[in-house]
Amino acid sequence: MAYFTYILKCSDATLYTGITTDIKRRIDEHNNSDKGAKYTRLRRPVELVYSEKSEDRSSASKREYAIKKMSRLKKLELINA
């Protein structure tokens, strides 16, 4: 099963990073249900601005961690690359 690491742009222009196996479903959850992260529930609507595919949960989680440690500037550079 493929996993995706993704970055969302929230309504207040902040960035949120997460992982999922189904990006479309997860974005819908972030925007429309209580299953979305608490952080994004307060900052709706959110917009997908970046995603990358990983072969397994472990590599996706490691990539998520690496992205979360980046500065906002580095995240924006990744998004715009």
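Of all residues in segment 5-48 being among the hydroxyl-bearing types (Ser, Thr, Tyr), over 21 Å from Arg72 (Cβ atoms) and not in a strand (DSSP E or B), which is modelled with the lowest pLDDT? Looking at the filtered set, the residue picked out is Ser33.
Here Ser51 fits the description: touching a Ser or Thr at 6+ places or on another chain (Cβ under 9 Å), in contact (Cβ under 8 Å) with a residue 40 or more places away in the chain, within 22 Å of Arg72 (Cα to Cα) and assigned to a strand (DSSP E or B). Residue count for segment 54-65 under the criterion of being among the acidic types (Asp, Glu) and assigned to a helix (DSSP H, G or I): the result is 1. Quick check, is Tyr39 touching a strand residue (DSSP E or B) at 6+ places or on another chain (Cβ under 8 Å) and of a type in the set (Phe, Trp, Tyr)? Spelling it out, Tyr39 is indeed touching a strand residue (DSSP E or B) at 6+ places or on another chain (Cβ under 8 Å) and of a type in the set (Phe, Trp, Tyr). Counting only residues that are surrounded by 11 or more Cβ atoms within 10 Å (Cβ to Cβ) and part of a helix (DSSP H, G or I), segment 66-80 holds 9 of them.
The values are calculated or read from the model by the stated rules, or taken from the named source; none is laboratory data. Everything numeric in this text was worked out from a predicted model, so none of it was measured. When we count neighbours, we look across all protein chains shown, and the Cβ atoms used for this are built from the backbone with ideal geometry, even at glycine.
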